[in-house]
Amino acid sequence: MNKSVYEVAEMVRGTVVGDGDVRITGLGGIVEAADGDLTFLGDPRFLPHLQTTGAAAVLVPEQCVNGTEKPLIQVFDPYRASTLMLSE
């Protein structure tokens, strides 16, 4: 995978908050993610990891508007949106 945050947001029908030009090259869990990875915040108990994740961007619920300087993609269901990216 090699897509911009804007391209990923279009694929999952999400809204970009932050830099949409950041490149996404892989997927990773919110704790394990590395630079270039897209991750997701599917459970509120993982919210503290939003500050520390190594991911390049994060799929978040629509009501999540802040919490990190990383680009966010707001979607209805972050888990479902992440599974769509697995097929890419």
(request) Scan region 1-46 for residues that are free of Cβ contacts under 8 Å to residues at least 40 places away in the same chain, within 15 Å of Asn66 (Cα to Cα) and surrounded by 14 or more Cβ atoms within 10 Å (Cβ to Cβ) and jot them down. (result) Leu41, Phe46
(message) Can you tell me which condition Ala81 does not meet? The list is (1) open to solvent by less than 30 Å² (accessible area, probe 1.4 Å); (2) under 12 Å from Val17 (Cβ atoms), and all the others hold.
(response) (2)
(request) Can you give me the ranges of the strands (runs of 3 or more DSSP E) entirely in the chain with at least 2 residues that are in contact with an Asp or Glu (Cβ under 9 Å, 6 or more places away or on another chain)? (result) 57-61, 72-75
(message) For a quick check of your reading of the model, give me the residue pairs whose first member lies in region 56-85 and is at positive phi, whose second is open to solvent by 50 Å² or more (accessible area, probe 1.4 Å) and of a type outside the set (Asp, Glu), with beta-carbon atoms closer than 9 Å and at least 6 apart or on different chains.
(response) Gly67/Leu47; Gly67/Gln51
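The values are calculated or read from the model by the stated rules, or taken from the named source; none is laboratory data. Predicted, not measured: the structure shown is a model, and the values here were computed from it. For neighbour counting, all protein chains shown are included, and Cβ atoms are generated from backbone atoms with ideal geometry for every residue, glycine included. Please note that ligands, DNA and RNA were not included when accessible areas were found on the heavy atoms of the full protein model with its side chains. Shrake-Rupley method; radii C 1.70, N 1.55, O 1.52, S 1.80 Å.
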